[in-house]
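One structure is given here, and the rest of the page talks about it.
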Amino acid sequence: MKNIVIKLSVNFLFLLGFLLSSFDCIELASNRCQKIATKLSTLHKTLGNQKPRYELLLHANKSSIPIEKEVLLDHEFDQIVNTRPLKNVEIKKSHILELIELIRNGKDYYNSMNDIYLDKTLQLFKSKIQKVAIFGLYETNYLPWIEAVLLNLNPLAHIWLIDYQPKSYEHENIKWVHLNDFLNRDINDQNLDQFDLVIDYLAIEKVGLGRYGEDISIDADLDTIKLYNCVLRKNGLLILSMSWNKYGNNSYVGFNSGRLYHNDRLDEIKENFKVVYENFYNFGSKIILVMEK
């Protein structure tokens, strides 16, 4: 009897230690996620503060990724500044249904022929189209084709749009949240691990380069990846579409249009994820990456 009591006590202590260790891990993850959210919120609050110019690079933090001066883009900044407060984009349910009908009939529903590769990728992972977050930044002419693709594959999916650009959706399964509201409210309220699927379609390469008048943060793409890891459920999927440096063998920033990725930067992006799918398109100049948390 005494041996049984000792054995039960040891098992209890082991279980207690395991639970306390688990709680510590959860708390550490929560603190880490809050720090990332605060850092990104500080960056995104500077939206529209300064006109894009090459001189801003002088104040940028050092980064391991090379920077080359390319065509300076400022049209998004001009539109943001000239339409403050940002105009709300009203998206009718009928518009979404029209796009779904085009998809089903094999007709053009997208901005570019390249967009069909996201549709083809999503078809491979239909089971994850449940609670979905689409992270973006700002587009001068917004077309809700990704929402239509998702609802075509699962009409019961719940979709969150998280970006700078105010939108009101008539469709009951779609909601818009301002990026900073999401960072300040959901992350600080510890609403983590809530999405089955996160989609970033060509936004990750532009964040933190001042295209939208925000401060320069060359490594904001890596911080954003960490954020996605925070908000994904266990075994949730992150789908990234990014520009690829097909003529070289390293990643670099083409200031201020965007980053071009290669294996060096990709290795950092893949940390804390398991790659389950990878495909190149547009003659090797774009990559779609699907990673599991």
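The values are calculated or read from the model by the stated rules, or taken from the named source; none is laboratory data. Bear in mind the structure is a predicted one, so any value in this text is a computation, not a measurement. When we count neighbours, we look across all protein chains shown, and the Cβ atoms used for this are built from the backbone with ideal geometry, even at glycine. Note: areas computed on protein heavy atoms with side chains; ligands, DNA, RNA excluded. Shrake-Rupley method; radii C 1.70, N 1.55, O 1.52, S 1.80 Å.
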Filtered residues of region 243-293 (kept if of a type in the set (Ser, Thr, Tyr) and in contact (Cβ under 8 Å) with a residue 12 or more places away in the chain): 243, 251, 252, 257, 261, 277, 281, 285
Read through the list (1) part of a strand (DSSP E or B); (2) buried (at least 18 other Cβ atoms within 10 Å of the Cβ); (3) among the β-branched types (Val, Ile, Thr), then give the number of the only condition that residue 218 fails. (1)
Return a yes/no flag: does region 176-195 have any residue that is touching a residue at least 24 places away in the same chain (Cβ under 8 Å), closer than 18 Å to residue 138 by Cα and either out of contact with any Ser or Thr (no Cβ under 7 Å at 6 or more places or on another chain) or among the β-branched types (Val, Ile, Thr) (or both). yes
Show the residue pairs meeting these rules: Cβ distance below 6 Å; 6+ apart or different chains; first residue within region 119-135 and touching a residue at least 40 places away in the same chain (Cβ under 8 Å); second residue open to solvent by 50 Å² or more (accessible area, probe 1.4 Å). 131/158
Consider residue 190 carefully, then state whether it is within 24 Å of residue 237 (Cβ to Cβ) and modelled with pLDDT under 95. yes
Test: residue 257 is modelled with pLDDT under 95, within 24 Å of residue 47 (Cβ to Cβ) and either surrounded by fewer than 22 Cβ atoms within 10 Å (Cβ to Cβ) or touching a strand residue (DSSP E or B) at 6+ places or on another chain (Cβ under 9 Å) (or both): yes
If we ask which residues in region 65-99 are farther than 30 Å from residue 49 by Cβ and open to solvent by 70 Å² or more (accessible area, probe 1.4 Å), their number turns out to be 3
Conditions (1) free of Cβ contacts under 8 Å to residues at least 24 places away in the same chain; (2) of a type outside the set (Lys, Arg); (3) part of a loop (DSSP other than H, G, I, E, B); (4) surrounded by 12 or more Cβ atoms within 10 Å (Cβ to Cβ): number failed by residue 116: (3)
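From 86, 99, grab the single residue that is modelled with pLDDT under 95, closer than 23 Å to residue 170 by Cβ and of a type outside the set (Asp, Glu).
Within the list 86, 99, the selection yields 86.
Looking at this structure, is residue 49 touching a residue at least 40 places away in the same chain (Cβ under 8 Å), open to solvent by 90 Å² or more (accessible area, probe 1.4 Å) and more than 30 Å from residue 150 (Cα to Cα)? Can you show your working first?
Working: touching a residue at least 40 places away in the same chain (Cβ under 8 Å): yes; open to solvent by 90 Å² or more (accessible area, probe 1.4 Å): yes; more than 30 Å from residue 150 (Cα to Cα): yes.
Against the criterion (touching a residue at least 40 places away in the same chain (Cβ under 8 Å), open to solvent by 90 Å² or more (accessible area, probe 1.4 Å) and more than 30 Å from residue 150 (Cα to Cα)), residue 49 qualifies.
Given the criterion surrounded by fewer than 18 Cβ atoms within 10 Å (Cβ to Cβ), more than 19 Å from the chain's Cα centre (by Cα), over 27 Å from residue 235 (Cβ atoms) and among the aliphatic types (A, V, I, L, M), identify the matching residue among 102, 124, 143. Talk me through it step by step, then tell me what you get.
Numbers: 124 fails: over 27 Å from residue 235 (Cβ atoms); 143 fails: more than 19 Å from the chain's Cα centre (by Cα).
Residue meeting the stated conditions: 102.
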Restricting attention to region 201-215, and to residues there that are of a type in the set (Asp, Glu) and open to solvent by 10 Å² or more (accessible area, probe 1.4 Å), which single residue is modelled with the highest pLDDT? 205
Looking at region 267-293 only, could you name the residues that are surrounded by fewer than 14 Cβ atoms within 10 Å (Cβ to Cβ), of a type in the set (Lys, Arg) and farther than 18 Å from residue 231 by Cα? none
Just one of 76, 90, 68 is more than 24 Å from the chain's Cα centre (by Cα), at negative phi and not in a loop (DSSP other than H, G, I, E, B); which is it? 68
Which count do you get for residues in region 226-254 that are farther than 30 Å from residue 30 by Cβ, out of contact with any Gly (no Cβ under 8 Å at 6 or more places or on another chain) and either of a type in the set (Lys, Arg) or not in a loop (DSSP other than H, G, I, E, B) (or both)? 3
Being under 15 Å from residue 90 (Cβ atoms) and touching a helix residue (DSSP H, G or I) at 6+ places or on another chain (Cβ under 6 Å) is the filter here, so list the residues in region 148-184 that pass it. 170, 171, 174
